[in-house]
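Peer 1: Before we start, here is the structure in question, set down as structure tokens.
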Amino acid sequence: MTLPNGIYLEDLGDISRPLPRPPGIPLRYVLFFGHMSFAPNVDAAQWLATDIMPVLRARIPDIKLVIAGSQPDPGVQALATADTIVTGSVDSMWPYVRYAAACIFPLRRAAGLQNKILEALVLGKAVVTTRQCAASVGAKSGVHLLAADSVQEFIDASLSVLNDASMATRLGAAGLAIGAA
């Protein structure tokens, strides 16, 4: 099955079927994924790891960050710590998305349609991204995902979905309608 936006769902199969948990991945994590040598993704990963995650960890001590994607730039590789996992290439992104507590995409320099956001939405994940990226996929903040542009807005929105399971579930269900459209 191929969606008109260019997402290939063949390796996902039946989304109601459980996917195996990726080995070595923490129990509770937020996920950022993409081609990790692409400059806007490098910028977003660095911003997330250095400016947003330290505050999230201060409020939610067990939360980790997983940065997944092919060809991680040296600046992305340098983000790896005990609390930040940089995977490099993975066989399938779907299990990483499935088990994430939320997907956070602080893409300040992105343009065009953001398939990574649609991929997170198609699995019903709570997503936090910039207003520009939300608009690129036709999503409304507070309905399908949460939109933020500043560090404080990303922190507040991320804490909202990580601390309010009913909000995360509601956003995920509404986001699924966008991701699968």
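Peer 1: Roughly how many percent of the accessible protein surface of region 108-176 is carbon and sulfur, given a 1.4 Å probe and a whole-percent answer? Walk me through the numbers on the way to the answer.
Peer 2: Values: 1460 of 2770 Å².
The C+S portion of the solvent-accessible surface of region 108-176 is 53 percent.
Peer 1: Follow-up question, since we're still on this one. About the Cα centre of region 27-91, what is the dipole size in debye to 20, counting +1 per Lys and Arg Cβ and -1 per Asp and Glu Cβ, all else neutral? Spell out each step's value before the answer.
Peer 2: On the way: 4 positive and 6 negative charges, 48 e Å.
Rounded to the nearest 20 debye, it is 220 debye.
Peer 1: Go ahead and run the numbers for FRET between D164 and S37, Cβ-Cβ distance against an R0 of 45 Å, rounding to 0.05. Write out the running numbers ahead of the final one.
Peer 2: Details: r = 35 Å, r/R0 = 0.77.
Efficiency at R0 = 45 Å is approximately 0.85.
Peer 1: Would you mind computing, in nm to one decimal, how far apart the modelled labels at D62 and S92 are, each placed 7 Å from Cα along Cα→Cβ?
Peer 2: Between D62 and S92, the label points sit 2.7 nm apart.
Peer 1: Counting only helical runs of four or more DSSP H residues, what would the 222 nm mean residue ellipticity of the chain come to if each run contributes -39,500 (n - 2.57) and the total is spread over all its residues? Kindly include the intermediate steps, with their values, before the conclusion.
Peer 2: Details: 8 runs with 68 residues, N = 181.
Roughly -10500 deg cm²/dmol at 222 nm, from the helical runs in the chain.
Peer 1: Can you compute log10 of I(q)/I(0) for the chain with the Debye formula, treating each Cα as one identical point scatterer, at q = 0.12, 0.14, 0.19 Å⁻¹?
Peer 2: Debye intensities relative to I(0), on a log10 scale: -0.48, -0.68, -1.38.
Peer 1: With the other protein chains left in place, how much accessible area per residue, in square angstrom, belongs to the chain at a 1.4 angstrom probe? Can you show the working numbers first?
Peer 2: Values: 7860 Å² over 181 residues.
I get 43 Å² per residue for this part.
The values are calculated or read from the model by the stated rules, or taken from the named source; none is laboratory data. Keep in mind that what you see is a predicted model, and the values were worked out from it rather than measured. All Cβ positions, glycine included, derive from the backbone under ideal geometry; neighbour counts span all protein chains shown. These accessible areas exclude ligands, DNA and RNA; they are computed on the full protein's heavy atoms, side chains included. Shrake-Rupley method; radii C 1.70, N 1.55, O 1.52, S 1.80 Å.
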